[in-house]
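First comes the structure, then the notes that go with it.
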Amino acid sequence: MKLRYAILLGLTAAFVGGGVAVVRQVKIAQVQAPASAPEQPAAPAPQAAEPVAAEDTPPPEVTAPAAPIRPTVENPLPENPTPLVNAPQAGPRAVTAPPAEPAIVTAPPLEAPAPAPAVTAPPMEKPATADNKDSTAAKLLFAAAKLPTLGKAMAIGYYPRGCLQGGVELPVNGPTWQVMRLSRNRNWGHPSLVQFLEKFAPAAAKATGWKGILIGDMAQPRGGPLPFGHLSHQVGLDVDIWFMPMPGHVLTPEEREKTSATNLVADDWKHLNPKTWTPQHAAFIRTAAEQPNVERVLVNAAIKQELCRADSKASWMAKVRPWYGHHDHIHVRLACPADSPNCRKQPPVTGDDGCSDKALAFWFSDKVLHPPKPATPAKPPKPLMLADLPPACKSVLDAPAKTVKAGLP
Ligand SMILES: [Zn+2]
């Protein structure tokens with residue numbers, strides 16, 4: 001009896017012990033599995049942020065920018081149209097957005113912008129009142145304006161220092177385009193920019209065989225400085241367009257927030273990535289540069305170099321200029337429209353196609369690609385205040401909102 005009991009006990013212990021061992025193995029296997037099977041390929045090349053001076057004007061024509069600027073490769077900030085200065089960081093994630101940022105919940109819904117009169121603007125650190133407008137960074141004042149002004153459309157001031165009256169909205173879906181990052185409420189511009197995109201989108205689709213294009217940041221409803229992402233894009237004449245074909249379906253708002261544009265540049269920032277660069281991208285850039293009211297198309301230097309190699313004599317080549325970042329999108333800048341006497345022109349491009357070794361060498365120098373780290377982190381530049389903008393921008397900020405789209409009289 002005792003013996004049978006002992007055997008039984010032994011068997012039970014062995015069974016339980018084995019069971020535990022099995023369970024443990026399974027657990028170990030579960031823990032180890034992801035390690036040996038990475039979910040994602042190696043981290044993509046820095047999704048770059050347009051660096052602080054990106055797109056700032058005038059783009060370097062002959063001379064190098066005076067201020068040392070960290071190259072994209074050093075810039076840890078993710079994402080296409082990206083944060084730079086004071087960036088609340090890439091993704092427009094509502095939870096991480098600082099209070100002063102336009103909260104994601106107030107972004108206009110996909111199809112129909114909400115009737116969002118200025119008074120319902122999200123709370124800001126310092127509410128924009130008559131009292132503190134002069135002491136609040138202009139980017140916060142302009143970001144809080146959710147609708148454009150009434151009145152005739154006018155681009156006012158300079159691309160990195162101005163504002164927009166009578167802005168119009170690019171519909172978020174068109175036959176050959178879709179707007180990305182809807183939460184940013186930056187699909188506004190001078191009517192000439194919207195007309196340009198309505199014309200360029202089908203032309204680019206035709207030239208590339210793509211279904212259409214993906215449009216990133218344009219301007220805020222009243223233009224002005226932006227809380228993150230760009231120094232320019234202030235007068236409603238700048239737009240970022242992604243190096244990525246529009247997919248065949250209507251993207252969900254979430255897809256528009258989370259999808260990243262394609263990086264065409266190799267990790268050394270001197271060559272293209274043969275896995276992502278295609279002849280369609282060259283056709284896409286050429287089509288943009290060929291449009292008559294386009295003054296500049298900014299691209300990464302590695303892309304410019306390839307375009308030069310393929311056809312340096314092209315008539316549109318001079319408009320395509322290298323600039324920091326811009327490895328996953330082009331930045332298109334239109335000329336000042338005739339209806340905007342207060343729009344400040346930038347210097348026209350010279351006959352120089354920008355393809356000479358000398359012109360390109362700067363962009364591949366250590367100074368740009370591997371700048372020495374400053375001993376102390378550079379202080380962020382002082383933000384633009386309302387007083388730094390053309391006086392008319394104060395009126396733009398104070399003007400009644402265009403509420404037609406909201407269904408109000
Ligand atoms: Zn841009």
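Descriptive notes on the structure:
- Failed item, numbered, when A314 is tested on (1) open to solvent by less than 40 Å² (accessible area, probe 1.4 Å); (2) more than 23 Å from T259 (Cβ to Cβ); (3) at pLDDT 95 or above; (4) hydrophobic (A, V, I, L, M, F, W, C): (3)
- R161 satisfies every condition listed in (1) more than 16 Å from the ligand (Cβ to nearest atom); (2) open to solvent by 10 Å² or more (accessible area, probe 1.4 Å); (3) not β-branched (V, I, T) except (1).
- Scanning the stretch 186-201 for residues that are assigned to a strand (DSSP E or B) and out of contact with any Phe, Trp or Tyr (no Cβ under 9 Å at 6 or more places or on another chain) yields a single hit, W188.
- Evaluated against (1) buried (at least 24 other Cβ atoms within 10 Å of the Cβ); (2) closer than 17 Å to V294 by Cα, N187 falls short on exactly one condition, (2).
- Output for the stretch 209-240, where each listed residue is closer than 22 Å to L334 by Cα and open to solvent by 40 Å² or more (accessible area, probe 1.4 Å): L231
- Of the criteria (1) open to solvent by 30 Å² or more (accessible area, probe 1.4 Å); (2) away from the ligand (no atom under 16 Å from the Cβ); (3) not aliphatic (A, V, I, L, M), which one S340 fails: (1)
- Scan the stretch 341-358 for residues that are in contact with a Leu (Cβ under 9 Å, 6 or more places away or on another chain) and assigned to a loop (DSSP other than H, G, I, E, B) and the total you get is 2.
- Matching entry among A378, A399, A361 (being free of Cβ contacts under 8 Å to residues at least 40 places away in the same chain, open to solvent by less than 90 Å² (accessible area, probe 1.4 Å) and over 30 Å from S312 (Cβ atoms)): A378
- On inspection, S192 does not qualify as more than 14 Å from the ligand (Cβ to nearest atom), within 17 Å of the chain's Cα centre (by Cα) and touching a residue at least 60 places away in the same chain (Cβ under 8 Å).
- So F243, is it out of contact with any His (no Cβ under 8 Å at 6 or more places or on another chain) and either crowded, with 21+ Cβ neighbours inside 10 Å or among the aromatic types (F, W, Y) (or both): no
- The requirement of being on the phi < 0 side of the Ramachandran plot and at pLDDT below 95 is fulfilled somewhere in the stretch 283-292, by at least one residue.
- Listed by position, the strands (runs of 3 or more DSSP E) enclosed by the stretch 212-330 that each have at least 2 residues that are within 12 Å of the ligand (Cβ to nearest atom) are 238-245, 294-299.
- Taking the criterion of being open to solvent by 10 Å² or more (accessible area, probe 1.4 Å) and touching a Leu at 6+ places or on another chain (Cβ under 9 Å), the residues of the stretch 145-156 that qualify are A145, A153, M154.
- Spans of strands (runs of 3 or more DSSP E) in the stretch 144-185 with at least 3 residues of a type in the set (A, V, I, L, M, F, W, C): 154-158
- Qualifying position, being of a type in the set (A, V, I, L, M, F, W, C) and either closer than 29 Å to G167 by Cβ or free of Cβ contacts under 8 Å to residues at least 24 places away in the same chain (or both), among L272, L298: L298
- Verdict on E198 being charged (D, E, K, R), more than 15 Å from the ligand (Cβ to nearest atom) and without any contact (Cβ under 8 Å) to a residue 12 or more places away in the chain: no
- Looking across the stretch 320-339, not a single residue is touching a Cys at 6+ places or on another chain (Cβ under 7 Å) and among the acidic types (D, E).
The values are calculated or read from the model by the stated rules, or taken from the named source; none is laboratory data. Please read these numbers as outputs of a predicted model, since none were measured by experiment. Cβ coordinates were reconstructed from backbone atoms using ideal geometry, including for glycine residues, and neighbour counts include every protein chain displayed. Keep in mind that these areas ignore ligands, DNA and RNA; they rest on the heavy atoms of the full protein, side chains included. Shrake-Rupley method; radii C 1.70, N 1.55, O 1.52, S 1.80 Å.
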